[in-house]
Amino acid sequence: MVEKRNITKEDIFIKARMLSEGVKVLKDGISYGTTLPEVREIEVPDNLDVNNAEMLLEELYKSRSLDLTNVALGNAVVLDGCKIPAPIFPRDDSHLDLTVDGDNVVVTEQGEVLATGSFYTPHRPWDDERLSNGMPVESVLPGMSSAIVNILFTLSCNNYNTGKGCRYCGLFSNPVSRKINNLPISSLVHWAKYQAEAVKILTDHGWRGILALSGGALPPSQRPEYLERLEAVITPIREALDEKTFSELNVIYNHYPPEDLSDMYKWKELGINGTSIDIEVADEANFPRICPGKHAYKPQKYWKEAQVASTEVFGPLLHTTTNLVMGIEPMSALVEGIDERLSKGVLPIPLTFIPDPGSAMADASTPNAEWLVEAAEKIADCYVRHSAKFIKAFAAEIVTNLYYRRAPKFLTRKGNPRAGMARGSAQLTHLSAVFDEVVRRAQKLPGVAARLKIRVA
């Protein structure tokens with residue numbers, strides 16, 4: 001029997017406060033072995049050898065263990081009753097206290113209990129597993145959540161290293177990535193072997209979700225070989241998994257748009273079945289200021305054209321998404337931009353801006369809870385307005401999945417017709433209150449509430 005969920009406006013406001021204000025954690029560390037990041041710089045060897053893949057792996061893992069962004073991506077509280085995920089952003093100056101007692105948490109303010117819930121992390125089933133070199137699974141899967149696993153085909157960001165990184169982003173600010181300017185493909189191949197091992201361990205534990213082929217910006221000299229790098233990370237995964245298991249994964253291209261948009265058909269042949277070409281901001285006028293490196297490659301108009309091309313190759317909405325940073329531009333521009341993308345069949349995923357210590361916007365502030373709630377309501381209006389497109393897309397998904405299950409094997413091996421979407425639950429992100437608001441409205445529809453399950457993305 002599915003546990004009934006009941007999301008209220010008060011629940012969403014508490015989550016918005018946790019996004020905006022963070023929480024004061026009243027216990028040293030977090031359960032299941034995940035610890036709060038230490039504010040210190042690790043020592044990186046002066047002679048860091050990019051041809052020594054084992055050294056890079058070890059040094060990257062040590063540096064990422066201190067990174068606030070990667071810790072935050074995986075940590076969430078699932079609030080009791082409403083079953084929505086809320087983030088754990090440790091802040092000593094927060095008015096919200098979060099007490100961790102084993103699996104349970106209590107959120108209080110001046111002694112008043114605002115919410116209770118359970119501590120959530122995606123790492124538990126494979127915590128004790130090790131790769132063939134003895135390192136833990138997460139050493140090659142940074143920023144992993146329960147629904148999304150990042151498969152990197154570049155281990156640094158040339159934009160960040162040259163002062164042109166997206167201003168809000170600190171994902172590749174660690175001291176090791178800052179020293180990797182040109183990663184040889186031979187080192188990537190070595191890294192990819194361990195990524196494939198890690199994915200095999202996850203899927204053996206029953207994990208099914210999204211593989212996001214991602215990484216920082218490649219230097220201009222290596223952009224022409226990006227397809228070779230994609231193949232280098234996908235091939236060992238396909239070889240490690242049986243055909244059925246691989247078919248149950250959603251493989252997403254999450255990087256720059258190609259110069260030749262017809263490359264998307266080559267992606268499909270590799271096993272990719274969707275894209276997340278992230279434009280970061282809704283207003284094109286903000287793109288050069290917020291993402292100078294991305295703008296130097298192509299103006300935002302081109303990125304949007306690539307998204308539309310993706311809807312034609314992979315399908316709309318469920319297979320063509322884009323991340324937007326919520327809270328670094330006016331609400332009106334954000335809402336207008338989301339509505340425009342939806343009109344083109346592109347699904348925007350708004351993620352709340354959280355200042356990253358390694359980013360150029362480290363001193364900026366997350367909008368207050370009232371702003372986040374109002375924006376969530378207006379963005380939810382956009383999704384409702386385009387709900388007919390979602391119904392059509394879901395119907396197409398069902399037909400495609402049925403085709404894949406029943407078609408002869410020689411047909412399913414050609415052209416990758418399968419949909420490969422994660423099934424059985426609504427994927428909500430703990431980094432935004434938008435989809436919680438959408439589900440809050442949907443739960444009022446007859447028969448919907450009992451079918452709503454949760455999966456934290």
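The values are calculated or read from the model by the stated rules, or taken from the named source; none is laboratory data. Just so you know, these numbers come straight off a predicted model, no measurement behind them. As a convention, Cβ positions derive from the backbone with ideal geometry for all residues, glycine included, and neighbour counts pool all protein chains shown. Just the protein is used for accessible areas: all its heavy atoms, side chains included, with ligands, DNA and RNA removed. Shrake-Rupley method; radii C 1.70, N 1.55, O 1.52, S 1.80 Å.
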Let's test the formula: R0 of 22 Å, r as the Cβ-Cβ distance of Asp260 and Ser221. What FRET efficiency results, to the nearest 0.05? 0.75
At a threshold of 8 angstrom on Cα-Cα distance, excluding pairs fewer than six apart, so keeping six or more, what relative contact order does the stretch 230-297 reach in percent? 29 percent
Assuming R0 = 45 Å, can you tell me the calculated FRET efficiency for the pair Asp363 and Lys244, based on Cβ-Cβ distance, to the nearest 0.05? 0.35
With just the Cα atoms defining each centre, how far is the stretch 313-357 from the stretch 181-257? Give it in Å. 25 Å
Using the structure shown, select from Lys179/Lys294; Lys24/Lys62; Lys200/Lys389 the pairs with a Cα to Cα distance greater than 29 angstrom. Lys200/Lys389
Around Pro219 (Cβ within 13 Å, Cβ-to-Cβ, excluding Pro219; K/R +1, D/E -1) the net charge comes to +2
Provide the FRET efficiency to the nearest 0.05 for the Arg441-Asn133 pair, computing r from the beta carbons and using R0 = 51 Å. 0.60
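By average Cβ neighbour count within 10 Å, what is the ranking of 107-118, 350-361 from highest down?
350-361, 107-118
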Would you please report the Å³ per residue occupied by the convex hull of the alpha carbon atoms in the stretch 181-237? 80 Å³
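Heavy-atom accessible area per residue, the stretch 198-308, 1.4 Å probe: how many Å²? Present the calculation step by step, with values, prior to reporting the outcome.
Numbers: 4110 Å² over 111 residues.
Per residue, the stretch 198-308 has 37 Å² of solvent-accessible surface.
Once you sort the root eigenvalues of the Cα gyration tensor of the stretch 134-177 as a ≥ b ≥ c, which label holds: rounded (a/c under 1.5), prolate (a/b larger than b/c) or oblate (the other case)?
prolate
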Sticking with the crude label model, points 7 Å out along Cα→Cβ, report the distance from Asp204 to Asn323 in nm, one decimal please. 2.9 nm
Do the alpha carbons of any pairs in Lys298/Lys378; Lys9/Lys444; Lys378/Lys444 sit beyond 23 Å of each other, and which pairs? Lys298/Lys378
Roughly what % of Cα-Cα distances in the stretch 142-209 sit above 14 Å, to the whole percent? 65 percent
